[in-house]
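The values are calculated or read from the model by the stated rules, or taken from the named source; none is laboratory data. Since this is a predicted model, take the numbers as computed values, not measurements. So basically every Cβ, Gly included, is an ideal-geometry build from the backbone, and we count neighbours across all protein chains shown.
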Amino acid sequence: MSTGGLPARRLMIATEELKKLQAMDPWSTEFIEVSLELDNRWMRGKLRHRGGHTRTYPKKSYEIHLEDGSIRHWNAEYDDPSMIRNALSFEFFNRIGVLAPKTKHCWIEWNGQPIGVYLEIESVDRHFFRKRRVACRSIFYAVNDNANFGLSDPETGKKKSSLWEGYELMLGTRASQQRLVGFIRGLHRLSGGALRKHLTERLDIPIYLRWLAGAVLTGNYDGFEQNYTLYEGSSRSIYRMMPWDYEGTWGRNCYGRPCETDLVRIQGYNHLTRKLLAIPTYRKQYRQILKKLLESDFTEQALMPVVEAMHHSIATAITMDATRKWDYGVFSAEPEFIRAYIRERRLIVQEELERWSVSGVKKTQKIPILK
């Protein structure tokens with residue numbers, strides 16, 4: 001069967017296992033047994049549903065654990081008419097010096113029947129860091145907006161029963177959890193020089209500010225208090241940020257609806273960001289990062305070749321995929337939609353930088369608008 005030029009992921013699932021999956025509550029964490037053909041060899045694996053609100057959609061997303069210890073995430077990208085927003089975002093983060101998962105669009109079939117185009121996303125786990133020769137002691141997923149580095153629940157305003165709320169431990173121990181809770185507690189107990197020392201010793205501030213700039217420029221409103229990965233280096237207990245779940249970006253929200261280009265302010269959100277940007281030195285560093293990105297990586301010249309290449313690579317397969325929510329006409333228009341977002345977002349960020357009065361920092365000069 002043709003795959004529209006995309007790499008194939010062919011699964012074999014026993015009839016009883018497939019019935020079990022199809023009858024399963026989409027919120028279940030239970031696995032079924034499968035076999036996957038990968039690089040011309042068959043491997044045993046376990047498959048389950050994955051995702052947030054998308055679990056109830058007709059086209060599901062999946063997570064597969066293979067016998068070699070690797071994990072792959074297959075995202076249906078059901079709400080994104082372009083199917084490239086996650087891939088484009090992660091490529092952008094990697095370009096600006098923030099680690100992000102590698103992605104690959106693929107065509108998935110099981111028992112010879114196509115289930116369509118998916119985005120395969122590299123799992124952020126021990127293997128991820130080993131491949132990059134990066135030391136990693138612990139990994140945390142920010143799974144809901146209680147991962148806001150604050151003391152209270154953002155929905156109810158009530159004090160959290162635990163500062164661990166909002167996180168899921170993917171790698172580490174009970175001591176890893178305690179260190180993260182201690183880091184968050186220190187943000188609120190310390191001030192002045194003691195707070196700055198706490199931040200310097202426990203947080204990779206340059207990486208954090210680049211991550212913040214990436215979330216701001218791509219317009220991920222849901223990316224500040226959740227949908228990020230936090231990892232702890234093993235040589236030093238210092239935290240670094242990574243992006244996760246960037247489908248609602250580049251001018252559309254997480255449901256695929258167009259949203260205002262100025263939805264996300266340049267200061268971003270969450271309590272850790274506020275603590276950092278309250279310190280003049282870090283405000284100045286962040287402004288410099290944004291200014292540099294507006295002159296280099298966040299331009300049409302830098303981004304549109306990537307957009308067009310990704311879009312072109314899946315176009316044929318999209319015509320063959322009957323499971324898609326959006327019609328092909330909407331898909332075809334997405335590169336120009338994203339181009340318009342880049343143009344508008346650049347102007348908005350420049351204007352906000354000029355208005356953002358920062359004590360002790362020289363007013364930012366007007367940045368030439370590059371296409």
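Could we say that Pro7 is in contact with a Cys (Cβ under 7 Å, 6 or more places away or on another chain) and either modelled with pLDDT of 95 or more or exposed (fewer than 14 other Cβ atoms within 10 Å of the Cβ) (or both) here? So Pro7 passes the test.
Matching residues to (1) aliphatic (A, V, I, L, M); (2) farther than 20 Å from Gly223 by Cβ; (3) in the same structural domain as Tyr246 (by TED's automatic domain parsing); (4) surrounded by fewer than 17 Cβ atoms within 10 Å (Cβ to Cβ):
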| residue | (1), (2), (3), (4) |
| --- | --- |
| Asn148 | no, no, yes, no |
| Lys158 | no, yes, yes, yes |
| Gly166 | no, no, yes, no |
| Gln178 | no, yes, yes, yes |
| Leu190 | yes, yes, yes, yes |
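Cβ-Cβ contacts under 9 Å between residues 6 or more apart (or on different chains), taken from a first residue in the stretch 291-312 that is assigned to a helix (DSSP H, G or I) to a second residue that is among the β-branched types (Val, Ile, Thr) and surrounded by fewer than 15 Cβ atoms within 10 Å (Cβ to Cβ), are listed as Leu294/Ile369. Looking only at the stretch 25-51, residues that are modelled with pLDDT under 95, outside any strand (DSSP E or B) and surrounded by 16 or more Cβ atoms within 10 Å (Cβ to Cβ) come to 1 in all. Gly69 meets all of the listed conditions (1) more than 23 Å from Lys19 (Cα to Cα); (2) at pLDDT 95 or above but one, namely (2).
Evaluated against (1) crowded, with 18+ Cβ neighbours inside 10 Å; (2) under 30 Å from Leu151 (Cα atoms); (3) out of contact with any helix residue (DSSP H, G or I) (no Cβ under 7 Å at 6 or more places or on another chain), Leu290 falls short on exactly one condition, (3). Can you tell me which of (1) closer than 20 Å to Asn253 by Cβ; (2) touching a Ser or Thr at 6+ places or on another chain (Cβ under 8 Å); (3) assigned to a loop (DSSP other than H, G, I, E, B) is the one Ala87 doesn't meet? Condition not satisfied by Ala87: (3).
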